[in-house]
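Following: one structure in structure tokens, then a few remarks.
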There are 2 protein chains.
Amino acid sequence: MDKNLTESNNFEPYKDHFLYKILNPKSLAIFGANNNLLTTMGSMQLRNIIAGGGFNGNIYPVHPRLDEVQGYKAYKSVKDLPVVPDLAFLILPTRVVPQVMEECGEKGIKNLLITSGGFREIGKDGIELSKKIDEISKKYNMRFVGPNCLGIYNGWYGFPEKKEAYFNTFWPYAIPERGNISIISQSGTIAAQTFWHAKEMGVRIGKSLSVGNERNIDMVDFLEYFKDDPQTGVIGLYIEEIKRGKEFIKLVKEITPKKPIVAIYTGGTKAADRAIKSHTGSLGGNQKIYDAVFKDAGIISTNSISDFLYYLRTLSFAQKYNIFMKGNRVGIITDSGGSGSMMTKSSELYGLEVPEFSKQLKGELSELIPFTASANNPIDVTFDVNFLNIFYKFPKMLMKSGEVDSIIIWGVFDFDDVIETIENSGMVVDENVRNMGLMLDRAIIKPIMRLMKKYSVPVYFSGPFPYRFSWFQKFLSYDIPIFDLWDAPPKCLKILYEYSEYRKRHQ
Amino acid sequence: MDKNLTESNNFEPYKDHFLYKILNPKSLAIFGANNNLLTTMGSMQLRNIIAGGGFNGNIYPVHPRLDEVQGYKAYKSVKDLPVVPDLAFLILPTRVVPQVMEECGEKGIKNLLITSGGFREIGKDGIELSKKIDEISKKYNMRFVGPNCLGIYNGWYGFPEKKEAYFNTFWPYAIPERGNISIISQSGTIAAQTFWHAKEMGVRIGKSLSVGNERNIDMVDFLEYFKDDPQTGVIGLYIEEIKRGKEFIKLVKEITPKKPIVAIYTGGTKAADRAIKSHTGSLGGNQKIYDAVFKDAGIISTNSISDFLYYLRTLSFAQKYNIFMKGNRVGIITDSGGSGSMMTKSSELYGLEVPEFSKQLKGELSELIPFTASANNPIDVTFDVNFLNIFYKFPKMLMKSGEVDSIIIWGVFDFDDVIETIENSGMVVDENVRNMGLMLDRAIIKPIMRLMKKYSVPVYFSGPFPYRFSWFQKFLSYDIPIFDLWDAPPKCLKILYEYSEYRKRHQ
């Protein structure tokens, strides 16, 4: 669980919105699951819901022949269920979907989640079938997500009553720590398979929705829900086609001044349009039109999945702690000239300023660094290993000076790894080194978080280790942005700066 | 050790070149090391050489007071050494460097590696000192790397006599598997601290040199050596300033048609020029001039450290197996529409073509995929999990058709992780699933490598896991390019295509 999460007492989960029950079903009927894992999609998805123990609602498998499915009592037909479940989850061969929908309607079920593919995306026959399920849903006043989708992840399932619960139909059982990021995706992969990376790099996804063909419930519906959802602070969109253009633009314009939106649009080139047509049956549109819409509505756009995750993480921290940039100036602190030069150049190429420090600030800094080091911006301490200076005192001095609006620090090593390699090489570990790890939270992480909030100056740490290393995970567990190399910090600051300006203009 | 490495019998390691002994010292005197790890730079660097057990030459610590340094007999003065060592490694306070150089000269030592900083980069006093060490080196006919550098990594130390040995003055003991990549860097961090990532993503670095201020031995010297070095197939450069411009350009033009060069140049913007001046004392130059030089000389240029590593890896595989692209056409095979669309769009944005397949090829593919899937380019098999098709049969069909020049495959899962999570959730693992992992090398990896070589069509695999996962490591251990998300494959193919064309034009 998120250590710093502010859980307000007067929390309002919008339980009256029709999407609430879809995201938080207390009872679930599942069609298409059996006991053969990994050969049947439905079996996998039931397993996903069960695995990890996040879901503590009631599960009712429906199967024409089996008495038990994955440990749950199975029912021959939806008619036999002892309750009317909040949600029916259909992972069935395409042709039987309409029949099962009819039965669900008769039972009184109002919400469906349809994974089955073979609708609009396959052409004429599929379009016929799509119209059929439209009719059935109208007849019984049912709403449904899909078809041709992977389902739902809700890390806030049943919150606040159920504090540690989640509802997850996706594959990765290793889910990221929940946070204020909500994703709506016309691709199941972007909704689900990004979880391994998200978990490792500390992208706090709270909700992620694979909306498939959007035959009934679409992106605009979910955007409406997320607009007022207190669990949502940042929204990520994966778009192949915007279906209700006017509603989309109007709604997004209301949202972006308060909650930033990051979007991927994959249409707009020849073969890409062909690809998305066969994927969800969408018709890609001219890139320039999408670019104009995104710009007008304040949407942050990217073609890269890593940038998508990085931008979401960047804005998630900013929203959660209300740390935005007041200007475009960056202060860079490094123990390595090369990474310092590269971050400086990148910052400038991204339109940020790396200002020369005032004489006074340079003088103050000079007193604390070796004679071979540089007290100008970037501050290059060379081989000095006084981490308290680099990680805390210097950032504090920069903030106090008022000469920068953001700070990047290069030089976080994983001291657990350092200690381990020293011990493995047969040497005795210095007590100072051993204490570094122990004092990390007390002497660096917590005080720097206080400073960031006080001055509204984001501090981005970075170092040469992949995210999985323990010090990197420690920074992330306290919501301190850390980066596994020096490419991303300037890029993320650019995004944060631009959003900070947009937000200011629209207040 | 690299499984597929071709080790020719008539191997010629250029033992006569003056740099050979610096890269492969049989004996080493070290100045500035004591027994206090992590407080003394020199102690750390001696530890680096010892740790991992890669270095099996003789080590002679020189220390005015100690009898033993890190387990080695120490000598009061270089005069007392029982041999004239191949290399003297100086990690001393700046002011004593000239005196020790004199003593080394008197002893007859011809090669030095000087880590100490405080020379040109600090201004006037440092320039005086630089001139002094120039004089001493001339007087004794000595050559030296540095000052103000981190040293040397040579994964081919003593090869071929010493098959498993390496010489490493850098921090990361966890060094990447050696390969045909040689790096020359004016930044120690780029030379050394990229090792954690390089190891994880399978960037096969064979040699990496931190050349510091290049007071005596410079980039051009090392380029000359690498030009004919059979252990070098690809060269990476980190540049703050090119010192011998004409020689550099002439030499590079000779090299690039045979061995690709990837370079980072960090000067050219206002604050970046300031940064590099304080780093190595270099004067940054106009970006346009560097761009023109790079283009003219066939250098592949980037401002991103991840791209740098990716491009080196890309070209390393291509060089080792002689797999270059004959045209710019990409075939994409995916089990996910979203990642397929994104890779398609990126490929097109990078100037690659994602051609529609011929009727015949579409027909052949259609027979092997579900009716919901797409047999056009990208081939989207949706939720089909016939990995033999996706990973082997389809690529083979594409290669045979002659309709593509490269292939990207999305959908590599880590089956060890899959099996583990299934078992952890209390279910029985299907035998087919268990066998997937066992048959990976025999049924997929080895045959696909044969096909790649036969058709000269590179196949890039990708999937949603970070590199550390075991299946990803398995692909990499066999030199099969694999990617941890879908951003990098199109970008790397673009670089490979451009280099393939350049190579063809200059043959």
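The values are calculated or read from the model by the stated rules, or taken from the named source; none is laboratory data. It should be emphasised that the depicted structure is a prediction, and the values quoted were computed from it without experimental measurement. We place every Cβ from the backbone using ideal geometry, glycine too, and count neighbours over all the protein chains shown.
Brief remarks on what is shown
- Residue in the range A:167-205 that is farthest from the other protein chains (Cβ to nearest Cβ), counting only those that are more than 29 Å from residue A:121 (Cβ to Cβ) and touching a residue at least 40 places away in the same chain (Cβ under 8 Å): A:180
- Look at the range B:451-478: where a residue is without any contact (Cβ under 8 Å) to a residue 60 or more places away in the chain and a partner is of a type in the set (S, T, N, Q), sitting 6+ places away or on another chain with Cβ atoms under 7 Å, you get B:464/A:193; B:464/A:194.
- Test: residue A:188 is buried (at least 24 other Cβ atoms within 10 Å of the Cβ) and of a type outside the set (Ser, Thr, Tyr): yes
- Matching option when the condition is under 30 Å from the mean Cα position of the chain (by Cα), among the basic types (Lys, Arg), at pLDDT 95 or above and more than 30 Å from residue B:449 (Cα to Cα), among B:110, B:15, B:73: B:110
- Residue, surrounded by the most Cβ atoms within 10 Å (Cβ to Cβ), within the range A:467-495, restricted to residues that are of a type in the set (Lys, Arg) and more than 12 Å from chain B (Cβ to nearest Cβ): A:494
- Count of residues meeting criterion [over 19 Å from residue A:190 (Cα atoms), touching a helix residue (DSSP H, G or I) at 6+ places or on another chain (Cβ under 9 Å) and more than 14 Å from chain B (Cβ to nearest Cβ)] in the range A:253-293: 8
- Any hit, the range B:224-239, residues being in contact with a Gly (Cβ under 9 Å, 6 or more places away or on another chain) and closer than 18 Å to residue B:150 by Cα: yes
- Within the range B:328-350, restricting attention to residues that are farther than 20 Å from residue B:405 by Cβ and either among the polar types (S, T, N, Q) or at pLDDT below 95 (or both), the residue that is nearest to the chain's Cα centre (by Cα) is B:339.
- Selection status of residue B:433, without any contact (Cβ under 8 Å) to a residue 60 or more places away in the chain and outside any helix (DSSP H, G or I): no
- The residues of the range A:76-96 that are within 19 Å of residue A:35 (Cβ to Cβ) and within 31 Å of the chain's Cα centre (by Cα), listed by number, are A:89, A:90, A:91, A:92.
- Test for residue B:422: is it of a type outside the set (Asp, Glu), surrounded by 19 or more Cβ atoms within 10 Å (Cβ to Cβ) and not in a helix (DSSP H, G or I): no
Results for (1) within 12 Å of chain A (Cβ to nearest Cβ); (2) over 17 Å from residue A:281 (Cβ atoms), shown as yes or no for each residue.
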site: B:376; (1), (2): yes, no
site: B:398; (1), (2): no, yes
site: B:403; (1), (2): no, yes
site: B:408; (1), (2): no, yes
site: B:413; (1), (2): yes, yes
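- Residue within the range B:54-76 that is touching a residue at least 60 places away in the same chain (Cβ under 8 Å), under 25 Å from residue B:163 (Cβ atoms) and among the hydrophobic types (A, V, I, L, M, F, W, C) present: yes
- Residue count for the range A:350-373, restricted to those that are touching a residue at least 12 places away in the same chain (Cβ under 8 Å) and within 12 Å of chain B (Cβ to nearest Cβ): 11
- One residue from A:253, A:259 being crowded, with 16+ Cβ neighbours inside 10 Å, assigned by TED's automatic domain parsing to the domain that holds residue A:209 and either at pLDDT 95 or above or touching a Cys at 6+ places or on another chain (Cβ under 8 Å) (or both): A:259
- Failed item, numbered, when residue B:456 is tested on (1) of a type in the set (S, T, N, Q); (2) within 13 Å of chain A (Cβ to nearest Cβ); (3) within 30 Å of residue B:296 (Cα to Cα): (2)
- Screening the candidates B:137, B:130 for the property of being outside any loop (DSSP other than H, G, I, E, B), more than 17 Å from the chain's Cα centre (by Cα) and away from chain A (no Cβ under 14 Å) yields one hit, B:137.
- Within the set B:192, B:198, B:174, the sole residue that is assigned by TED's automatic domain parsing to the domain that holds residue B:224 and closer than 26 Å to residue B:243 by Cβ turns out to be B:192.
- Of all residues in the range A:66-94, exactly one satisfies the criterion of being polar (S, T, N, Q), surrounded by 14 or more Cβ atoms within 10 Å (Cβ to Cβ) and either away from every other protein chain (no Cβ under 14 Å) or closer than 17 Å to residue A:134 by Cβ (or both), namely A:94.
- Hits in the range A:195-233 - residues which are surrounded by fewer than 22 Cβ atoms within 10 Å (Cβ to Cβ), part of a loop (DSSP other than H, G, I, E, B) and among the charged types (D, E, K, R): A:218
- Residues that are within 27 Å of residue B:276 (Cβ to Cβ) and basic (Lys, Arg) were ranked within the range B:95-146; the one that is surrounded by the most Cβ atoms within 10 Å (Cβ to Cβ) is B:120.
- Looking across the range A:375-398, the residues that are under 20 Å from residue B:274 (Cβ atoms) and modelled with pLDDT under 85 come down to A:382, A:384.
- Pairing residues of the range B:101-127 that are within 23 Å of residue B:152 (Cα to Cα) with residues that are modelled with pLDDT of 95 or more and acidic (Asp, Glu), at Cβ distances under 8 Å and at least 6 apart in sequence or on separate chains, gives B:111/B:86.
- Unique residue being of a type in the set (Asp, Glu) and over 26 Å from the mean Cα position of the chain (by Cα) when the list is A:291, A:380: A:380
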